[in-house]
1. Hey, among ASP137, ASP100, ASP112, which residue is farther than 20 Å from LEU203 by Cα and acidic (Asp, Glu)?
2. Filter the range 39-69 for residues that are assigned to a helix (DSSP H, G or I), surrounded by 15 or more Cβ atoms within 10 Å (Cβ to Cβ) and among the basic types (Lys, Arg) and give the result.
3. Among what's in the range 73-115 and is charged (D, E, K, R) and more than 20 Å from ARG60 (Cα to Cα), pick the residue that is farthest from the chain's Cα centre (by Cα).
4. Given the criteria under 19 Å from GLN93 (Cβ atoms) and without any contact (Cβ under 8 Å) to a residue 40 or more places away in the chain, does ALA239 qualify?
5. May I ask you to verify whether ILE18 is assigned to a helix (DSSP H, G or I) and over 21 Å from PHE225 (Cβ atoms)?
6. Quick one: in the range 11-42, of everything that is out of contact with any Gly (no Cβ under 8 Å at 6 or more places or on another chain) and among the charged types (D, E, K, R), which residue is farthest from PRO213 (Cα to Cα)?
7. Of all residues in the range 39-69, how many are in contact (Cβ under 8 Å) with a residue 40 or more places away in the chain and among the aromatic types (Phe, Trp, Tyr)?
8. Which residue is modelled with the lowest pLDDT, if the candidates are limited to the range 129-156 and must be closer than 10 Å to VAL188 by Cα and among the β-branched types (Val, Ile, Thr)?
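The values are calculated or read from the model by the stated rules, or taken from the named source; none is laboratory data. Bear in mind the structure is a predicted one, so any value in this text is a computation, not a measurement. We place every Cβ from the backbone using ideal geometry, glycine too, and count neighbours over all the protein chains shown.
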Amino acid sequence: MDVWIRLNSTTAGKDKLIRLMQYLSRFLCHNLESKKNLRDHVARLKILESSFSTFRKFLRLDKSIIILHGALRTLHLPDRILRVTLTLSRIYQTFFLLVDHIIWIGRIGLYDIDKEKWSKYSNKFWLGYIILNLFRDIYEILRIIQRQVRCQNPVPCLYKNVPFIRTVCDYVPVTKPVFQFAEEHKDVFWDSLKNICDIWIPLTSLGHTKLSPGMVGLLGSVSSFAGLVAVLDPLAKLAPT
């Protein structure tokens, strides 16, 4: 009950929870489509997925202004890489949300729009936002590796006289299991997992990859779960954001 209250007490928590149900609906819908005796259930799941999507767009109506205002704060970050990636990602996210508002207006019938065209714009901005977030995740992982290298002996290398190999050897720490990394660096792990799963969704919508709706639903569900973890556990939230 405490978890449910915490999720529903914030807009971010509600959005992540509804997003999980939205992509689970898509995943189930795709897997049940081939069964003729479940066509009514598939139709209901499609309506449910569309309703979840529209409701999420409604929840985000004022978020574009908040995100754009946040870009003014990231402009003053001392770390140059974080300053550039976070500021640009917020700008991309702002445009993504603005287009999302237009799509919502078209869905509820307030104004007639070319939904396919605006959905394409939305996915392009979303893709740019995710790519910048992945660059930030890679940067955070490299910083973790650097810190580990300072505390450990570098991996022995027989070809340290070769400049490129020497550089690689200097930055490869002693290998650790993924679960241990996830425990020690929850914020980077969950944020990376979320972005790695998310990037395939706009890529598929734009036609760059050909994933099935079921796989898109599965990836969206995993990324939504990762987002929920970050909402519930402050240590799993990557900062600054």
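1. Details: ASP137 fails: farther than 20 Å from LEU203 by Cα; ASP100 fails: farther than 20 Å from LEU203 by Cα.
Exactly one of ASP137, ASP100, ASP112 is farther than 20 Å from LEU203 by Cα and acidic (Asp, Glu), namely ASP112.
2. ARG56, LYS57, LYS63, listed by residue number.
3. Here is the first cut: in the range 73-115, the ones charged (D, E, K, R) are 73, 79-80, 83, 90, 100, 107, 112, 114-115.
Remaining after also requiring more than 20 Å from ARG60 (Cα to Cα): 73, 79-80, 83, 112, 114.
Numbers: ARG73: 21, ASP79: 22, ARG80: 22, ARG83: 19, ASP112: 30, ASP114: 26 Å.
Ranking the qualifying residues of the range 73-115, first place goes to ASP112.
4. Values: under 19 Å from GLN93 (Cβ atoms): yes; without any contact (Cβ under 8 Å) to a residue 40 or more places away in the chain: no.
For ALA239, the condition - under 19 Å from GLN93 (Cβ atoms) and without any contact (Cβ under 8 Å) to a residue 40 or more places away in the chain - is not met.
5. no
6. The selected residue is LYS14.
7. So the answer is 1.
8. ILE144
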